[in-house]
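> Before anything else, here's the structure in question.
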Amino acid sequence: MALYLVQHGKSLSKDIDPHQGLSQEGIAETKRIAEVAANYRINVSQVKHSVKARAHQTAEIFASALNPEGGILEIAGLKPMDDVTTVAAAIDSDENTMLVGHLPFMERMTSYLVTGSTDTPVFKFQNSGIVCLNKNPDTDSWVIVWTLMPNIG
């Protein structure tokens, strides 16, 4: 099954919004990527997100487009500097789960799942972008299967 890692959409500055919710551009880009994912018939069983407003809003947009059976769920451990090994240990590779969080967490999580180390970068995320990984049953490590990013180039 698939694991979808998503960096939240572009957010407002703390000066404008102390909770740093999504900006209009962030909402528009997230909706666009979510619609493309829906058109590709991406199957997500649940969308899990961090406690921060921008991740929750991003998760809601993806859930609205992808209609996950398990809905959305706020979980601990997805903040920018949280330990990726804790979340990685809890991943059910039999489920199609989407995790919505922040940098550098998402990049470190991808590195950890693919290489076993958080220190070896393997992918550069963009706001609202999706990285899809599948677990290799022979090696117990993960591989990047595809990505969907708002900007090319």
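> Among the numbered criteria (1) among the β-branched types (Val, Ile, Thr); (2) more than 13 Å from Val47 (Cα to Cα); (3) touching a residue at least 40 places away in the same chain (Cβ under 8 Å), which single criterion is violated by Ile91?
(2)
> Go through the range 18-35 and count every residue that is more than 22 Å from Gly70 (Cβ to Cβ) and in contact (Cβ under 8 Å) with a residue 24 or more places away in the chain.
Narrowing the range 18-35 to residues more than 22 Å from Gly70 (Cβ to Cβ): 18-29, 32.
Retained after the next criterion (residues that are in contact (Cβ under 8 Å) with a residue 24 or more places away in the chain): 19-22, 26-27, 29, 32.
Total meeting the criteria: 8.
> Evaluate the range 14-24: report whether one residue or more is surrounded by 22 or more Cβ atoms within 10 Å (Cβ to Cβ), closer than 20 Å to Leu103 by Cβ, of a type outside the set (A, V, I, L, M, F, W, C) and at pLDDT 95 or above. Explain how you work it out, then say what you get.
Initial filter on the range 14-24 (surrounded by 22 or more Cβ atoms within 10 Å (Cβ to Cβ)): 22.
Now narrow it down to the ones that are closer than 20 Å to Leu103 by Cβ: 22.
Filter again for of a type outside the set (A, V, I, L, M, F, W, C), leaving none.
No, every residue in the range 14-24 fails to be surrounded by 22 or more Cβ atoms within 10 Å (Cβ to Cβ), closer than 20 Å to Leu103 by Cβ, of a type outside the set (A, V, I, L, M, F, W, C) and at pLDDT 95 or above.
One line per residue, one yes/no per condition, for (1) more than 15 Å from the chain's Cα centre (by Cα); (2) more than 24 Å from Gly71 (Cα to Cα); (3) modelled with pLDDT of 95 or more:
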| position | (1), (2), (3) |
| --- | --- |
| Asn96 | no, no, yes |
| Leu103 | no, no, yes |
| Thr110 | no, no, yes |
| Thr118 | yes, yes, yes |
| Pro121 | yes, yes, no |
| Lys124 | no, yes, yes |
| Gly129 | no, no, yes |
| Leu133 | no, no, yes |
| Asp138 | yes, yes, no |
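> Quick check on my filter: what residues within the range 118-140 are closer than 24 Å to Met81 by Cβ and among the polar types (S, T, N, Q)?
Of all residues in the range 118-140, those closer than 24 Å to Met81 by Cβ come to 118-131, 133.
Matches in the range 118-140: Thr118, Thr120, Gln126, Asn127, Ser128.
> Considering only residues of the range 42-77 that are assigned to a loop (DSSP other than H, G, I, E, B) and touching a Pro at 6+ places or on another chain (Cβ under 6 Å), which is nearest to Gly26 (Cα to Cα)? Spell out how you get there, then give the answer.
We begin by selecting, within the range 42-77, every residue assigned to a loop (DSSP other than H, G, I, E, B); these are 42-45, 50-52, 67-71, 75-77.
Then keep just the ones that are touching a Pro at 6+ places or on another chain (Cβ under 6 Å); that gives 44-45.
Working: Val44: 21, Ser45: 24 Å.
Per the criteria, the residue is Val44.
> Suppose we filter the range 81-113 for residues that are surrounded by fewer than 19 Cβ atoms within 10 Å (Cβ to Cβ) and aliphatic (A, V, I, L, M); how many remain?
Taking the range 81-113 and keeping what is surrounded by fewer than 19 Cβ atoms within 10 Å (Cβ to Cβ), we get 81-83, 85-86, 88-95, 103-104.
Imposing the further condition that a residue be aliphatic (A, V, I, L, M) reduces the set to 81, 88-91, 103.
So the count comes out to 6.
The values are calculated or read from the model by the stated rules, or taken from the named source; none is laboratory data. These numbers were taken from a predicted model, which means no experiment stands behind them. Quick reminder, even Gly has a Cβ in these numbers, built from the backbone with ideal geometry, and neighbours come from all protein chains shown.
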